[in-house]
Amino acid sequence: MKKLIVILLLAVTGYFLVDSFMDLGRTGPVVETGVKDFYLDKTVSELKVANTITSIVVNFRGFDTLGEVTVLFLAATALGGILYKRRHHVGERSVLFPSSPIVRAGSKLLFPAIVLLGVYVFIHGHLSPGGGFQGGTIIATGFLLMLLAYDNFSVSHNVLSFIESFAGIFFVLFGFAGMWAGGTFLENFLPVGTMNNLFSGGIIPIVYILVGFKVAAELTGLIYTVLHEKES
Amino acid sequence: MVGSPVLLIAIPLLAAFMIPLLGMIWKELVRIIPGLVLAFMMISSASMLMYVTNNGTIIQTLAGWEAPWGINLVFSPLTAFLATLMTFMGFIVWLYSYRFKRNVDFEPAKKYFIFLMMLVAGAVGIVITGDIFNQFVFIEITGISAYALTAFYTGRNSAEASFKYLLMGALSSSALLIAIAIIYSQLGTLNMADIASKIHLMPAGYKVTALIFFMMGIGIEAEIFPLNGWAPDAYTEAPGPIGAAFAGIVVKAGVYAMVRMVFTLFDVSGAMDILLTIGLITLIVAETAAIRQEKLKRMLAYSSIGQMGLVFVAFGIGTLEGVYAALFLMLNHAIIKPLLFLSGSQLVFNSKEKLIKEVNGLGKYMPFTAVLFALGSFAIVGLPPFAGFWSKLSVLTAAANEGMLLIIALILIVSVIEIVYYFRVVNRIYFFDKAEDLIPQKPRVNAVIAMSVLGAIILIIGFNPDVVSTVLHNASADLMDTPQYIKNVLSAGQSLTN
Amino acid sequence: MENQMFEILRYGIYGGSISLILIGLYAALTKRSLIKIVIGLSIVDGGIHLLLIAIGYVKNGTAPIFSPGFENAVDRMVDPVPQALVLTAIVIGFAVTAVALSLVIRLYRHHHTLEIDEIKNLKW
C-alpha cells in the first residue's frame with residue numbers, strides 16, 4: 001500500500017520533471033541572454049582568469065563559496081559533536097585489520113604523489129580544470145589510503161583544527177581586505193596580471209589555495225573521526 | 001548606522017572559524033564570543049533598521065559586481081525588521097543558555113555555541129540575501145546547525161528526531177535545487193529581482209512547477225502541513241532553548257522565504273489561494289493534534305505549527321492589511337513562543353518524561369517561572385491586555401474587510417481549542433497538588449533576565465501596540481511593492497531584460 | 001545525422017538524470033534500512049547534479065576554460081554557471097550525507113540495529 005502511494009507520487013514528480021526539462025534542447029530557454037555571457041566576457045577582459053568556473057566560484061559568486069566552506073566546517077564540527085562520547089579513547093581504531101606488505105609499500109610510494117597531485121590541482125585552479133575543492137579532496141584521499149594501509153598511522157587533530165581555522169579566518173579576512181581596498185566584500189583588489197600565467201587573477205588563486213587547505217584538512221578530519229569510532 | 005549588512009554574515013563566520021582556536025587559550029571564550037557576536041548583530045541590525053526606515057533600502061553588492069551578476073544583500077524595511085527580530089531572539093537564547101550549559105563538558109558546549117551562532121547567522125542570511133542559490137546555501141547552513149543541535153543530548157532519543165529532520169530536510173533541499181534548475185534553465189539568472197522582472201516571460205506550466213518545487217523546498221523550515229512531521233520530535237528532543245530558537249528564528253526565516261517567493265518572484269494567479277489553503281489545513285490539523293498531546297514541549301510544538309498556519313492564512317488574504325496582520329503575528333509568535341519554551345523547559349526541567357501532568361502545583365514552588373508561563377499562555381491565545389490579542393484582532397479585521405466569514409469562524413473555533421489546551425496547563429500549574437518526588441528547578445539568574453525581557457516586551461506591545469506599528473507598516477508595504485523591489489536592486493546595474 | 005545524435009544524447013541525459021532522481025526518491029521513501037535511505041538521498045543528489053550540468057550544454061560544446069588555443073571558442077563554450085552551482089551543491093550534499101551517516105552510527109550504537117521498524121521514534 002505504502003509503495004503504491006510512493007509510486008504514484010513518483011509518477012507525478014517524474015511527469016512534471018520531464019515536462020519541465022525535455023523541451024529544453026529543442027526550443028531553448030525563453031530568455032536567450034542570461035548572466036553567463038557576462039561571466040564569459042568579464043572573466044577574460046577583467047579578471048584574466050582562464051577557468052571561467054573558478055572565476056564564478058571564487059569571485060562572482062564568492063559569497064556562496066564562503067557559505068559552502070562554512071557548511072563543510074559545520075558538518076565536520078557536527079560529526080564530532082554527534083559522535084562525542086565522554087570517555088573517548090584516542091588512538092583506538094574501529095577498523096583493525098592487517099594489510100599486506102604490498103599494499104603498505106605501495107601506499108607509501110603513492111602517498112607523496114597523491115598529495116603533490118592535489119597541490120598541483122588547487123594551485124592551477126584558475127588555469128586548468130580543478131581548484132580548491134577538487135585538490136583538497138585528492139589530498140584527503142591520500143590520507144585515507146594511509147589510514148587504511150597502516151593501522152598505526154595517525155594525524156594530529158590539533159594540527160587539522162589549526163589549518164581549518166586559519167584557512168577559514170584568512171578567507172574572511174581577504175573578504176574584509178576587499179571591502180577596505182575596493183569597497184565591497186570579497187572584491188578582487190590585487191593586480192590581475194596576464195592571462196594564463198601562474199601568478200594572475202588577483203586574489204582568486206590565493207582564495208582557492210586557502211579553500212584547498214581547508215577542504216583537505218576537513219575531509220581528513222572527517223575520515224579520521226569516523227575511522228576511530230569504536231563500537232560499544 | 002553601525003556596520004553594514006554583510007557584517008551580519010561575515011562576523012559570525014569569522015567568529016565560528018576562530019572559536020576552536022580561542023577555546024585553546026581560555027575555555028570561557030567559547031561561551032562569551034558567540035554572545036558578543038550576537039549582541040553586535042542585534043545592535044547593528046537594529047541601527048540599520050532605523051536607517052532603513054528613514055532613508056530607504058540598502059542594497060549591498062558583493063565582490064564588486066552589480067545586481068544581476070554578483071550576489072547582493074537586500075536590507076529593506078521587511079528584511080531589516082526580520083533580521084532585527086531574529087538577532088534579538090538569538091541573543092536572548094544565548095543569554096538563557098549561557099550558564100545553563102555549564103554542567104556540560106567543554107567539547108559539546110563549544111559546539112553548542114558555534115551551532116547556535118550559525119543558526120542565527122544562517123537564518124539572517126536566508127532573509128537578507130537577494131539570490132536564490134545563495135538562499136539555498138544559507139538554508140543548508142541553518143539546516144546542518146539545526147540537525148546538530150537537535151542531536152545535542154546523547155541521552156535522549158534525539159538522534160531519531162534529528163535523523164527524521166535531516167531526511168525531510170535533505171529531500172526538500174533537493175526539491176529546492178530542482179526549482180532553481182527550472183528557473184535557471186528558462187531565465188538564465190539567479191538574482192531574485194531579475195527573476196521577478198522576467199518571470200512573466202516564462203510559460204505558465206513551468207512557473208507552476210517551479211513554484212510547487214520551491215514550496216516543497218522551503219515548506220520544511222516554514223512548517224507547512226505535509227512537511228512538518230519533523231517539528232514535534234525535534235522540538236521535544238532538542239535542548240529547551242533550541243526549541244525556542246527554532247520557533248523564534250528558523251521558522252520565521254522559512255516563512256519569509258516562502259512569502260517572498262509567492263509575493264515577489266512568481267506572478268502565478270491563485271498562489272494566494274494556495275497559501276490560504278495550506279495555512280488553513282496546517283492550522284486545523286496542528287491545533288487538533290496539540291490538544292491530544294501529553295508532553296509539554298510536543299504540545300508547544302504543535303501550537304507553533306498551528307500559529308504558522310495562521311500566519312499563512314493572514315498572508316493568503318493578500319491585502320496590505322492581511323500582510324500587516326501576518327507580520328504582527330510573526331512578531332508576537334517570535335516573542336511569545338520562545339518565552340513559553342524557555343519557561344516551559346524550566347518547569348519540566350527535573351522530570352524524566354516531560355509530561356504535562358508533571359507541572360502540577362509548581363506555581364507555588366517556582367512562582368516566577370510559572371507567572372511567565374501563564375503570561376505567555378494568555379498572550380498566545382489572544383486575551384485582551386496582552387500582545388497576542390492585537391495581532392489576532394488585526395487578522396480578523398483583515399479577513400472581515402475581504403468578507404471571508406468562513407475563515408473568521410474557523411479562526412475563532414481554533415482559538416477556543418487553543419484556550420482549552422493552554423488553560424489546562426495553567427490550571428495544573430496553579431490549582432493541582434505537586435507530585436511528591438519532583439524537585440522544582442530554581443532558574444539561574446541569566447535565565448530569569450532572558451525570560452523577563454520577553455515578558456516585558458509582551459506587556460509593552462500589549463498595552464501600547466503602536467510602538468511597533470510604524471515598522472510593521474513599512475515592512476508590509478515593502479513586501480507588497482514588487483516593482484519597487486526590482487527597481488531598488490537593479491537600478492545600480494542595468495537590467496538584462498531584452 | 002549529427003542532429004539525430006544530439007537528440008538521442010539529450011533524451012539519454014535528461015531521461016537518465018530524471019530516472020536517477022526518481023530511483024533515489026523511491027529508495028529514500030520505501031527502504032527500511034537507514035543506510036539504504038542515505039544511499040537513496042545521495043542518488044537523488046547525483047541525479048540533480050547531472051540535470052543541472054545538462055541544462056548548461058550547448059551543441060558541440062567545449063569546457064568554459066580559455067586555455068591557449070581556445071581563446072576564440074566563446075560561442076561553443078557550455079554554460080559555466082550550472083557547473084559552479086554543482087560544485088557548491090556537491091559539497092553541500094557531501095556535508096549532509098556525512099551528518100546523516102554520523103546520526104546512523106549513533107542510532108546503531110543505541111539500538112544495535114539499522115532497521116527503521118525496530119527504532120521506535122522513527123515510525124510515523
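Mind ordering C:24-37, B:422-435 by average Cβ neighbours within 10 Å, highest first? Before the final figure, lay out the partial values.
Numbers: C:24-37: 18.1, B:422-435: 15.9.
Going by the mean number of other Cβ atoms within 10 Å, highest first, we get C:24-37, B:422-435.
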message: Compute and list, largest first, the equivalent-ellipsoid semi-axes of region A:57-186 from the alpha carbon gyration tensor, each √(5λ) rounded to a whole angstrom.
response: 33, 21, 11
Region B:263-317 versus region B:407-451: alpha-carbon centroid distance in Å: 22 Å
message: If you take each beta carbon of peptide A:43-49 and count the beta carbons of other chains within 10 angstrom, what is the mean?
response: 2
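Work out the P(r) tail for region B:55-114: percent of alpha carbon pairs separated by more than 16 Å, whole number.
On the way: 1123 of 1770 pairs.
The answer is 63 percent, as a whole percent.
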query: Roughly how many Å is it from the Cα centre of region B:45-121 to that of region C:32-54, as a whole number?
result: 32 Å
- line: In nm, the gap between the two label points placed 7 Å beyond Cα toward Cβ at B:T53 and A:S128 is 5.9 nm
Lys/Arg +1, Asp/Glu -1 at C-beta; region B:285-487 dipole; positive extreme among B:F378, B:A435, B:A286: B:A435
message: Taking a virtual spin label 7 Å from the Cα of A:I7 along the C-beta vector, which residues in region C:15-29 bring their backbone nitrogen under 20 Å of it?
response: C:18-29
message: Using 10 Å bins from zero, what percent of all Cα-Cα pairs in region B:208-319 falls into each bin?
response: 15, 49, 27, 8, 0
Space enclosed by the convex hull of the alpha-carbon atoms of region B:285-487, per residue, Å³: 124 Å³
- request: May I ask you to work out the translational diffusion coefficient for chain B at 20 °C, viscosity 1.002 mPa s, via Stokes-Einstein with Rh from the Kirkwood sum over Cα pairs, reported in whole µm²/s?
  value: 95 µm²/s
query: In Å, what is the Rg of the alpha-carbon atoms in region C:1-47, and how long is Dmax?
result: 14.2, 47
- line: Among B:V416, B:V359, B:T319, the residue whose Cα sits farthest towards the positive end of the charge dipole of region B:285-487, when +1 is placed on the Cβ of each Lys and Arg and -1 on the Cβ of each Asp and Glu, is B:V359
Cβ-based net charge around A:V192, under 9 Å, with every Lys or Arg adding one and every Asp or Glu removing one: 0
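Ranked highest first by the average count of other Cβ atoms within 10 Å around their residues, in what order do B:88-98, B:289-299 fall? Please report the intermediate quantities before stating the final value.
Working: B:88-98: 25.1, B:289-299: 18.7.
Those peptides, ordered most packed to least, come out B:88-98, B:289-299.
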query: Gap in Å between the Cα centre of region A:182-227 and the Cα centre of region A:32-60?
result: 17 Å
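If you take the alpha carbon radius of gyration of region B:131-286 and divide it by 2.2 N^0.38 Å, what ratio comes out, to two decimals? Don't jump to the answer; show the numbers that get you there.
Values: Rg = 16.1 Å, N = 156, 2.2 N^0.38 = 15.0 Å.
That works out to 1.08 for region B:131-286.
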statement: Averaged over the residues of A:172-182, the number of partner chain Cβ atoms within 10 Å of each residue's own Cβ comes to 3
message: Between A:F162 and C:I39, what's the calculated FRET efficiency when r is the beta-carbon distance and R0 is 25 Å? Round to 0.05.
response: 0.15
- request: Stick to the Cα atoms of region A:113-232, pair each with every other, and give me the Kirkwood hydrodynamic radius in Å at one decimal.
  value: 15.5 Å
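Using only helices, what value at 222 nm comes out for the protein assembly as shown when you add -39,500 (n - 2.57) per DSSP H run of length 4 or more and divide by the total residues, to the nearest 500 deg cm²/dmol? Walk me through the numbers on the way to the answer.
Details: 33 runs with 595 residues, N = 854.
Here the helix-only value at 222 nm equals -23500 deg cm²/dmol.
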- prompt: What lysines could a cross-link reach from B:K207, if we take a straight Cα to Cα line under 17 Å and drop same-chain neighbours fewer than 8 places away?
  reply: B:K198
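What average count of beta carbons from other chains do you get within 10 Å of the Cβ of residues in B:129-137? If you can, show how the numbers build up before the last one.
Working: counts 3, 0, 3, 0, 8, 5, 0, 6, 13.
Mean shielding by partner chains, rounded to a whole number: 4.
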field: Size of region A:107-164 as Cα extents on the principal axes (Å, biggest first)
entry: 38, 27, 12
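How compact is chain A by the rule of thumb for globular proteins, expressed as Cα Rg over 2.2 N^0.38 Å?
Output field value: 1.28.
I'd like the per residue volume of the convex hull spanned by the Cα atoms of chain C, given in cubic angstrom. Write down the numbers at each step before the final one.
Values: hull volume 14.8 nm³, N = 124.
Roughly 120 Å³ of hull volume per residue.
Over the Cα atoms of region A:154-216, what is the Rg over Rh ratio if Rh follows Kirkwood?
That ratio is 1.08, to two decimals.
Can you give the Rg to Rh ratio for region B:271-380, taking only C-alpha atoms and Rh from Kirkwood? Please list the in-between numbers first.
On the way: Rg = 15.8 Å, Rh = 14.8 Å.
When Rh is taken as the Kirkwood radius, the ratio is 1.06.
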Listed residues A:N197, B:L95, B:V6: farthest to the positive end of the dipole of the protein assembly as shown (Cβ charges): B:L95
- prompt: So how strong a dipole does region B:71-137 carry about its Cα centre when Lys and Arg Cβ are +1 and Asp and Glu Cβ are -1, to the nearest 20 debye?
  reply: 300 debye
field: Computed P(r) (all Cα pairs; region B:377-467; 5 Å bins; percent)
entry: 3, 12, 15, 16, 18, 16, 9, 6, 4, 2, 0
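Considering every Cα-Cα pair within the protein assembly as shown, what fraction, in whole percent, is farther apart than 35 Å? Intermediate values should be presented prior to the final figure.
On the way: 173956 of 364231 pairs.
Value for the protein assembly as shown: 48 percent of Cα pairs lie more than 35 Å apart.
Each value in this text was obtained by applying a stated rule to the coordinates, not by laboratory testing. Predicted model only: the values in this text are computed from it and were never measured. FYI the Cβ positions are ideal-geometry reconstructions off the backbone, even for glycines, and counts take in every protein chain you see.
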